[in-house]
Amino acid sequence: MSKILVTGGCGYIGGHTIVDLIANGFEVISVDDLSKGSLVMLGGVERVVGRPVKNYRVNLCNLDDTETIFIENPDIVGIVHFAAYKSVPESVQQPLRYFENNINSLVNILKCAKEYKVNHFVFSSSCSVYGNADKLPVDENAPLKEPESPYARTKQMGEAICRDFAKINPDFNVTLLRYFNPVGAHPTALIGELQEKPENLVPVITQTAIGKRREMQVFGTDYPTRDGSCVRDYIHVMDIANAHTKALQYTMSGDNETNCDVFNLGSGSGVTVLELINAFEKVSGEKLHYKLGPRRPGDVVEVYANNSKARCLLDWDIKYSLEDMMDTAWRWEQNMKREAARIKLN
Ligand code: WQD
């Protein structure tokens, strides 16, 4: 079995990707310093896959510690690099912390990939590199606008670093994956998004519905969209996870025409905030308490993907609908509540 190193493997998308990689015959190890990730996620992943998954508790900004992973695992053939800070508002408040962490960790992991001849690399990027796109749906050739946040800038810089590195290392294959809005949870509800105080819409919805939050706000209903609220491209986290598996299989098959390629990972449909709330109420049967509030600074009005390149070249298809996203997110939230009650009882 080909061994893959997943950085940030104790995080939301990292954990779900480990599940998909193992389901597709890969051997996986994780590195996560647990500053944002959690061993609860890893435990859930191990329950889903039915076997232990080793995590190295290492900060990738420490090159020596990172190297030990490669010395101990000379059979690593690929890397999926998630490990990065990803809160937009936090990056606005602490730009240097974001540049230091997100860029240094990437540079170190690329140094190790070079040193230990690991030639397949998937980089976790984001639709936020597009900023406010002029043309929708947005395709991979769209010009990258001025980023809305330091977080988005670290993604633009990360892509450029990967591109320059690939230019002078022809044997090295890197795939840049630009996520739109990953949501939902694994169908078993054993893993999902773990955030105490989430800022993203879907965990805010499920926390409001389960009573963890008294109510929520819709940030802006005066946008030039069909119902006045922002449009986003929501995509199930398991579809995102499978795209990483497909990206590794793509470059490992040697079918890739270039050694640095970029793909949009979105469903291809734009959904407004109010439409998503309606979808959640329909699926869950819950009435959501929300009020219509002012716009949130930094929000783009509308963005959704042209995903035909990934569907065609990566042989990737979307398996989960918007209703599946709401259903799995809701069942995960309910499972967390049961788990919390069980732990309290013990
Ligand atoms: C979606 C919509 C909000 C909360 C983020 C990151 C981006 C990428 C995807 C990593 C917006 C509205 C939200 C709430 C609301 N992540 N909203 N009430 O901002 O599109 O993108 O996730 O790559 O980098 O920024 O996601 O879920 O925060 O917001 O009305 O309580 O929901 O205004 O229109 P966003 P989001």
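No value in this document is a laboratory result; all are computed from the given coordinates. Fair warning: this is a prediction, and the values are worked out from it, not measured in the lab. A quick note on method: Cβ atoms are made from the backbone with ideal geometry, for glycine too, and the neighbour counts reach across all protein chains shown.
Below is a table of values for the structure above.
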read-out	value
Projected label distance in nm at GLU215 and ARG295, using a 7 Å step from Cα toward the beta-carbon	2.4
Nonlocal amide H pairs with SER2, under 5 Å, H built at 1.01 Å	GLU27
Reciprocal of mean inverse Cα separation for segment 281-346 (Kirkwood radius, Å)	16.1
Amide proton proximity set for TYR56, modelled H, under 5 Å, gap of 5+	SER30, VAL31, ASP32
Residue among GLY25, VAL88, ASN55 farthest towards the positive dipole end of segment 20-163, charges placed on Cβ	VAL88
Angle in degrees between helix 39-49 and the longest Cα principal axis of the chain, rounded to the nearest 10	80
Nearest-0.05 FRET efficiency for ILE343 and ASP139, computed from C-beta distance (R0 35 Å)	0.15
Cα Rg, Dmax, the chain, angstrom units	19.5, 58
With 10 Å bins from 0: P(r) over segment 160-247, alpha-carbon pairs, percent	13, 30, 29, 19, 8, 1
C-alpha long axis of helix 273-284 to longest principal axis of the chain, angle in °	80
q = 0.16, 0.21, 0.23 Å⁻¹, segment 242-297: log10 I(q)/I(0) [Debye, one scatterer per Cα]	-0.72, -0.87, -0.97
Computed helical MRE - 222 nm, the chain, DSSP H runs ≥ 4 contributing -39500 (n - 2.57), nearest 500	-13500 deg cm²/dmol
Burial order of peptide ranges 10-18, 150-158, 179-187 (average beta-carbon count within 10 Å, highest first)	10-18, 179-187, 150-158
For LEU265, residues with placed amide H under 5 Å, excluding near neighbours	ARG178, TYR179, PHE180
Mean separation of Cα contacts under 8 Å, 6 or more apart, over the residue count of segment 227-286: relative contact order %	59
Set of aspartates and glutamates with alpha-carbon distance to LYS287 below 12 Å, sequence-local pairs under 8 removed	GLU215
Reciprocal mean inverse distance between Cα atoms of segment 93-241 - Kirkwood radius, Å	18.0
Most to least packed among 58-69, 109-120, 234-245 [average Cβ atoms within 10 Å]	234-245, 109-120, 58-69
Neighbourhood charge, 13 Å Cβ-Cβ cut-off, centred on MET325 and excluding it, Lys, Arg +1 and Asp, Glu -1	-4
Unit charges on C-beta of K, R, D, E only; dipole of segment 80-120, Debye	160
Stokes-Einstein D in µm²/s, Kirkwood radius over Cα pairs - segment 168-209 at 4 °C with 1.567 mPa s viscosity	97
Rounded tilt (10° steps) of 150-167 against the dominant C-alpha axis of the chain	30
Under the Debye formula (equal points on every Cα, no solvent term), log10 I(q)/I(0) of segment 1-81 at q = 0.12, 0.22, 0.27 Å⁻¹	-0.29, -0.99, -1.40
Positive-end extreme of charge dipole, segment 175-276 - chosen from PRO182, LEU274, PRO198 (charges on Cβ)	PRO198
Descending Cα extents along the principal axes, segment 58-116, whole Å	40, 19, 17
Alpha-carbon centroids, segment 169-226 and segment 87-125: separation in whole Å	21
Total charge dipole magnitude, the chain, about the Cα centre, Cβ charges on Lys, Arg, Asp, Glu only, Debye to nearest 20	840
Among beta bridges that DSSP assigns inside the chain, antiparallel share in %, nearest 5	5
For segment 216-346, convex hull volume per residue from C-alpha positions, Å³	164
